[in-house]
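The values are calculated or read from the model by the stated rules, or taken from the named source; none is laboratory data. All values reported here derive from a predicted model rather than from experimental measurement. Heads up, the Cβs are rebuilt from the backbone with ideal geometry, glycines too, and the neighbour counts pull from every protein chain shown. When the accessible area is computed, the model is the full protein with side chains, heavy atoms only, and any ligands, DNA or RNA have been set aside. Shrake-Rupley method; radii C 1.70, N 1.55, O 1.52, S 1.80 Å.
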Amino acid sequence: MLKHIPNFLTCCNLLCGCIGIIAAFDHNLMLAAYFIWIGGVFDFFDGFAARLFKGNSELGKQLDSLADVVTFGVLPGMIVFHLIKQSDSFNFQLPLEYIALIIPAFSALRLAKFNIDTRQTEDFIGLNTPANAFFFSSFPLLLHDDVLGVSFLLTDYRFLIVVAIVFSFLLLTEIRIFGLKFKDFSWEKNKIRFIFLLSSLLLLIIFKHGAIPLIIILYITLSLIQQLLIKRT
């Protein structure tokens, strides 16, 4: 029975995505954003449980990707879809809100690529789908309480479309994004991880929920810096 716990947690992640999508269509984007984060908790613990109870399996691997497509692909796509549709500056007859569907499409491609790419055992090649989803989950929170002063951007359909396209392509780039799994806690081998975690904590203290997009941008930036330093040496 213990070996089925990881798959149960993965299904909970999937259900979070489904409930979040329903919330988005009920125009409760705040609740939809929260379910991305709850799904992220289940996504973390299903992997932890799989290692703890030795429940790793091909079924679990495929189920995890299917759940991630819903919670970290379709759900953020629905959030951006509705944000574009209700944008203050959106007055075109063209259905531009459907451009947001690039997020679930590229997320599915990203996850399929991850499943067959043997290079991604410790780090990621391209932005991982949870980080991408967390970035978009911050939009409804910032519209509700604009601690960064960016609400004028989040009500502009042009900004939303550009960001959706840029971050979708980041999912499939060949940029190596460092993982957050520690094999040991030495400074030399985990320098970039410690810098990221300490910086993220500082950002959370200063900006609270406004730190979410800043943390994801920092994550990408530090990964680029690390890759440049590795190429240089």
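So in segment 107-131, with the set limited to residues that are assigned to a loop (DSSP other than H, G, I, E, B) and open to solvent by 40 Å² or more (accessible area, probe 1.4 Å), which one is nearest to PHE196 (Cα to Cα)?
If we take residues in segment 107-131 being assigned to a loop (DSSP other than H, G, I, E, B) and open to solvent by 40 Å² or more (accessible area, probe 1.4 Å), then GLU122 is nearest to PHE196 (Cα to Cα).
Can you work out which of the residues in segment 132-175 that are among the charged types (D, E, K, R) and more than 24 Å from ASP117 (Cβ to Cβ) is most open to solvent (accessible area, probe 1.4 Å)?
ARG158
Cβ contacts < 7 Å: first residue without any contact (Cβ under 8 Å) to a residue 60 or more places away in the chain, restricted to segment 119-132; second residue open to solvent by less than 30 Å² (accessible area, probe 1.4 Å) and acidic (Asp, Glu), any location; separation 6+ or different chain. Result?
Taking only residues 6 or more apart or on different chains, the pairs are ILE125/ASP117.
Tell me the residue from LEU142, LEU83 that is within 19 Å of ILE216 (Cα to Cα), part of a helix (DSSP H, G or I) and touching a Pro at 6+ places or on another chain (Cβ under 9 Å), please.
Result: LEU142 is the single residue among LEU142, LEU83 that is within 19 Å of ILE216 (Cα to Cα), part of a helix (DSSP H, G or I) and touching a Pro at 6+ places or on another chain (Cβ under 9 Å).
Would it be correct to say that GLY179 is among the small types (Gly, Ala, Ser), surrounded by 12 or more Cβ atoms within 10 Å (Cβ to Cβ) and part of a loop (DSSP other than H, G, I, E, B)?
yes
Pairs needed: first member in segment 3-17, within 13 Å of LEU59 (Cβ to Cβ); second member anywhere, modelled with pLDDT of 95 or more and open to solvent by less than 50 Å² (accessible area, probe 1.4 Å); C-beta distance under 8 Å; at least 6 residues apart or different chains.
THR10/ALA67; CYS11/ALA67
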